[in-house]
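Here's the structure, in structure tokens; my notes come after.
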Amino acid sequence: MQTEAISLTATNECAVLKIEQLSVRYAGSQPKAALNALDLSVYQGEVFGFLGPNGAGKTTTMNVLLGFVNASKGRAFIFGREVTEAISRQRIGYLPELTYYYKFLTAEELLRFYGKLFGLKSQEIESRIDSVLKLVDLESARKRLIKTYSKGMQQRVGLAQALINNPDLLILDEPTSGLDPIGRMKVREIIQRLKNEGRTIFFSSHELGEVETVCDRVAILFEGEKKVEGRVSDLAREHQCNLEQLFLKVIGYDVLPAEENELMRENV
């Protein structure tokens, strides 16, 4: 029993991101609970998929972690420090769902700008620019204006800016949103490479097939509450279905049995 207690304590100490009974309620003529008593832990080196339909509370959670929104109740910690403290974000990289960059800049100019915001020295900035552009496969386009980039290239330069400070934790909000299959594949490959480097990645996505491929664990939110959490393989075994089917069950969408789907196809 003593060995088990020590093991559990050690595991908790490795939590890079920890959320305890987090609730967010937006005021107004019709107050709305965006989050309700959320508990969550993400550990060092994990890729954690944060899932849910639009309006489930995913972006609100990320905004609390990043200090953009204050919680109504509960607490959240990053690297053991409460997010309400005036803590340095030096170890965090963030990619929002909707990105807007100065499109009159080139990729390397944009990254140089963000490197200076992080207080990096000039030599380190240039080294990091070379490294992240190689990682996101934009070396050949580094001197092109961002306004000439495709959607997929803009998303990858967004990932590059999230990595310029060499963060230990990456928070990614819908990193493959609006991308074609090739663009999604490239972003998935980047996440896999970052995982292999031992980074901790916390990201939301609607691309459930990609989540199954790259994530160690997932949580599914619905109407501000966590409904399911666990390893993808464990959840599949427990619920006897794949992640997409489980997602649909959680949000109350009736999935037709396979034989009924086949019958409908035959009658079309």
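Going through the range 154-183 one residue at a time, which ones are open to solvent by 30 Å² or more (accessible area, probe 1.4 Å) and either at negative phi or of a type in the set (Phe, Trp, Tyr) (or both)?
154, 168, 177, 180, 181, 182 - these are the residues of the range 154-183 that are open to solvent by 30 Å² or more (accessible area, probe 1.4 Å) and either at negative phi or of a type in the set (Phe, Trp, Tyr) (or both).
Do we have any residue at all in the range 255-262 that's touching a His at 6+ places or on another chain (Cβ under 9 Å) and modelled with pLDDT under 90? Reasoning before the result, please.
Narrowing the range 255-262 to residues touching a His at 6+ places or on another chain (Cβ under 9 Å): none.
For the range 255-262, residues touching a His at 6+ places or on another chain (Cβ under 9 Å) and modelled with pLDDT under 90: absent.
In the set 93, 52, 45, which member is over 30 Å from residue 253 (Cα atoms), in contact (Cβ under 8 Å) with a residue 60 or more places away in the chain and open to solvent by less than 10 Å² (accessible area, probe 1.4 Å)?
Working: 52 fails: over 30 Å from residue 253 (Cα atoms); 45 fails: open to solvent by less than 10 Å² (accessible area, probe 1.4 Å).
Of 93, 52, 45, the one residue that is over 30 Å from residue 253 (Cα atoms), in contact (Cβ under 8 Å) with a residue 60 or more places away in the chain and open to solvent by less than 10 Å² (accessible area, probe 1.4 Å) is 93.
Just checking, which of 251, 182, 191, 171 is of a type in the set (Val, Ile, Thr), touching a strand residue (DSSP E or B) at 6+ places or on another chain (Cβ under 7 Å) and farther than 22 Å from residue 17 by Cα? Show your work before the answer.
Details: 182 fails: touching a strand residue (DSSP E or B) at 6+ places or on another chain (Cβ under 7 Å); 191 fails: farther than 22 Å from residue 17 by Cα; 171 fails: farther than 22 Å from residue 17 by Cα.
Only one candidate qualifies: 251.
Which residue, of 139, 124, is among the acidic types (Asp, Glu), more than 16 Å from the chain's Cα centre (by Cα) and over 27 Å from residue 79 (Cα atoms)?
Details: 124 fails: over 27 Å from residue 79 (Cα atoms).
So the residue among 139, 124 that is among the acidic types (Asp, Glu), more than 16 Å from the chain's Cα centre (by Cα) and over 27 Å from residue 79 (Cα atoms) is 139.
Write out, first by first residue and then by second, each pair whose Cβ atoms fall under 8 Å of each other, whose residues are 6+ apart or on separate chains, and whose first residue, in the range 24-38, is under 15 Å from residue 56 (Cβ atoms) and among the polar types (S, T, N, Q) while the second is open to solvent by 40 Å² or more (accessible area, probe 1.4 Å) and assigned to a strand (DSSP E or B).
If the second residue must be open to solvent by 40 Å² or more (accessible area, probe 1.4 Å) and assigned to a strand (DSSP E or B), the pairs left are 36/225.
Looking at (1) in contact with a strand residue (DSSP E or B) (Cβ under 7 Å, 6 or more places away or on another chain); (2) open to solvent by less than 80 Å² (accessible area, probe 1.4 Å); (3) in a loop (DSSP other than H, G, I, E, B), which is the only condition residue 119 fails?
(1)
Just to be sure, is residue 134 free of Cβ contacts under 8 Å to residues at least 40 places away in the same chain and over 22 Å from residue 116 (Cβ atoms)?
Here the answer is no, as residue 134 does not meet what is asked.
Within the range 6-24, can one find any residue that is assigned to a loop (DSSP other than H, G, I, E, B) and either among the hydroxyl-bearing types (Ser, Thr, Tyr) or modelled with pLDDT of 90 or more (or both)? Even if it seems obvious, please write down each step before you answer.
We begin by selecting, within the range 6-24, every residue assigned to a loop (DSSP other than H, G, I, E, B); these are 14.
This time we only want the ones that are either among the hydroxyl-bearing types (Ser, Thr, Tyr) or modelled with pLDDT of 90 or more (or both), so: none.
The answer is no, given that none of the residues of the range 6-24 is assigned to a loop (DSSP other than H, G, I, E, B) and either among the hydroxyl-bearing types (Ser, Thr, Tyr) or modelled with pLDDT of 90 or more (or both).
Among the residues of the range 220-244, which ones are small (Gly, Ala, Ser), surrounded by fewer than 21 Cβ atoms within 10 Å (Cβ to Cβ) and not in a helix (DSSP H, G or I)? If you could, list the steps in order and put the result at the bottom.
To start, the set of residues in the range 220-244 that are small (Gly, Ala, Ser) comprises 224, 230, 233, 236.
Now restrict to residues that are surrounded by fewer than 21 Cβ atoms within 10 Å (Cβ to Cβ): 230, 233, 236.
The one that is small (Gly, Ala, Ser), surrounded by fewer than 21 Cβ atoms within 10 Å (Cβ to Cβ) and not in a helix (DSSP H, G or I): 230.
Considering the range 184-216 alone, what residues qualify as being surrounded by 20 or more Cβ atoms within 10 Å (Cβ to Cβ), under 12 Å from the mean Cα position of the chain (by Cα) and not in a helix (DSSP H, G or I)?
Of everything in the range 184-216, those that are surrounded by 20 or more Cβ atoms within 10 Å (Cβ to Cβ), under 12 Å from the mean Cα position of the chain (by Cα) and not in a helix (DSSP H, G or I) turn out to be 200, 201, 202, 203, 204, 205, 215.
The values are calculated or read from the model by the stated rules, or taken from the named source; none is laboratory data. Keep in mind that this is a model prediction, so the values were computed, not measured. Backbone-built Cβ (ideal geometry, glycine too); neighbour counts: all protein chains shown. The area values use the complete protein model at the heavy-atom level, side chains included, leaving out ligands, DNA and RNA. Shrake-Rupley method; radii C 1.70, N 1.55, O 1.52, S 1.80 Å.
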